[in-house]
1. What's the extension gain from Asn152 to Lys218 if we count 0.36 nm per residue and subtract their Cα-Cα distance?
2. Does anyone have the angle between helix 221-232 and the longest principal axis of the chain? Alpha-carbon axes, 0 to 90°, nearest 10?
3. Under the rule of -39500 (n - 2.57) per DSSP H run of 4 or more residues, summed and divided by the residues of the chain, what mean residue ellipticity at 222 nm is obtained, to the nearest 500 deg cm²/dmol?
4. From the P(r) of the chain, can you give the percent of Cα pairs sitting at distances over 24 Å?
5. To the nearest 10 degrees, how steep is helix 2-37 against the longest Cα principal axis of the chain, on a 0 to 90 scale?
6. Between Ile161 and Ile19, take the C-beta separation as r, use R0 = 41 Å, and let me know the FRET efficiency to the nearest 0.05.
7. Taking 0.36 nm per residue of sequence separation and subtracting the Cα-Cα distance, how much length would be gained by fully extending the chain between Ile276 and Thr41, in nm to one decimal?
8. Mind checking which of Ser244, Ser160, Ser232 has the largest fluctuation in a GNM of the chain, springs on alpha carbons under 10 Å?
Amino acid sequence: MKNKNIIKLLILVIILLIISFTAFYITKKRSAEIASNKPRTQIFELNETNANKYELIFESEPIIVEKINNVWKIISPLNASDYKVDQLEAFANVKNFNTLNIDMIITNLAEVKSFGLENPSSEFTIWEGNKKYKIFVGDKTADEERYYVKYNDEYFSVESIYIDALKKTVDMLRDKEIFNNPISLDSVKTVVISAVNHTNIIKKINRTNWVVETIENKTDLQKAYNDFSTLSLIKASGFVYNVSPRIERIFRTPDAIVILYFEDNTKIIYQLVYDIDNKVYVKPESGIIYEVDYSVYDASMRGIEYYIKS
């Protein structure tokens, strides 16, 4: 009797295993069928973490960016190879490659010669290890909202926004930090602004309170914080490759000198000038001159009355 029960139990287990395997197989097969019938939405799909190099050809000289020892670097043009690269910006372009959404798959190739792909205006290539993905970009469509694109032997139309996003210039890829190390706002305790007609000192009392010297309790907290933040977290908005004698001359008498004092008792100094070309330039202690946003200059030029609570 006992042996019969064991045999029945074994048969039941085997039946359950067969049912489970059959259900798993059918589910897997159906999932594969659904995936194969799913409309294609992208030209190709990357494993973004495995991407290690890309080449952008849309101007006179190719821009090649490569990940070396987990750090993105500009390899070409050679005169840009020493520039520090904004790592987030470099990786963002990998994501741009991975979002080349298809507007239309072109199957009627009778008009291919009119797509401008025999002499493409742009070429974009990305490597995922040794695997290469390359697209050629031709003319815009008649409505000017899409580009004709070739990938391998396939032709597509792709919205302009996705193609234009790939067009990263060297300046766009460069690190916008103007100091040797990034600045954390929490590390700054005082900002001193010395301009021609005033000197303002904005102090951090704690993480939620900032005051301007001489008007302490009358300080508009939000205005003080905004300028404290703007002047501390200054970044380049553009790069100056050929410093003109005029710019060198106006830095002899800068419009403002800003000093950042830190919690560790160190400090950083930089100078600001506004030029006749309607651009604001900054010169940190490195001596390298950058363009910065006008908001930085604006924050350095305010009179003390600006910070008084209304």
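Each value in this text was obtained by applying a stated rule to the coordinates, not by laboratory testing. Fair warning: this is a prediction, and the values are worked out from it, not measured in the lab. Heads up, the Cβs are rebuilt from the backbone with ideal geometry, glycines too, and the neighbour counts pull from every protein chain shown.
1. Contour length minus Cα-Cα distance gives 17.1 nm.
2. 80
3. Working: 7 runs with 81 residues, N = 310.
Calculated from helices alone, the mean residue ellipticity at 222 nm is -8000 deg cm²/dmol.
4. Within the chain, distances greater than 24 Å cover 68 percent of Cα pairs.
5. 60
6. On the way: r = 50 Å, r/R0 = 1.23.
The pair Ile161/Ile19 has a calculated efficiency of 0.20.
7. Numbers: separation 235, 0.36 × 235 = 84.60 nm, distance 4.93 nm.
Stretched out fully, the Ile276 to Thr41 stretch lengthens by 79.7 nm.
8. Its mean-square fluctuation being the largest, the pick is Ser244.
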